[in-house]
Amino acid sequence: MKMDKLLALYPQAQKKNSPASEADILSFAIDDAFIWIKQDSLSQQETSLLKALFPVINDQKKHPWYRYLFKD
């Protein structure tokens, strides 16, 4: 699915350059960016479907600030 179609289907979604670090945001990679959608704006079925179609990103070590703050 293309980024434009997802943004048209979910107008509350946002295109970002990195995955979300907040627990209440569903974020997944598509094309060369990430889609952020607030979980409370999705039904349980929509959340399940999006998680099945796209790998959900929630790895705190991949956050842009992680390496700077924790110097792993």
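When ranked by the protection proxy of mean other Cβ atoms within 10 Å per residue, highest first, what sequence do the peptides 18-29, 38-49 form?
Per-residue mean Cβ counts within 10 Å order the peptides as 18-29, 38-49.
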Exercise. Among P11, S48, A33, whose Cα lies farthest out toward the positive end of the dipole of the chain, if unit charges sit on the beta carbon of Lys, Arg (+1) and Asp, Glu (-1)?
Worked result: A33
Exercise. When averaged across all projection directions, what area in nm² does the alpha-carbon convex hull of the chain cover?
Worked result: 5.0 nm²
Exercise. If you line up the long axis of helix 44-53 against the longest principal axis of the chain, both from Cα atoms, how many degrees apart are they, to the nearest 10?
Worked result: 70 degrees
For this session: Hand me the tally of lysine pairs in the chain: alpha carbons under 28 angstrom apart, and the pair either on different chains or 8 or more positions apart.
Result: 28
For this session: Quick one: which residues, 5+ away or cross-chain, put their amide H under 5 Å from the amide H of I25? H built at 1.01 Å from N.
Result: Q39
For this session: Counting only C-alpha contacts under 8 Å and six or more residues apart, can you give the relative contact order of the chain as a whole percent?
Result: 28 percent
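We did not get these values from a lab; they are worked out from the coordinates using the rules stated. Bear in mind the structure is a predicted one, so any value in this text is a computation, not a measurement. Neighbour counts run over all protein chains shown; Cβ positions are idealised from the backbone, glycine included.
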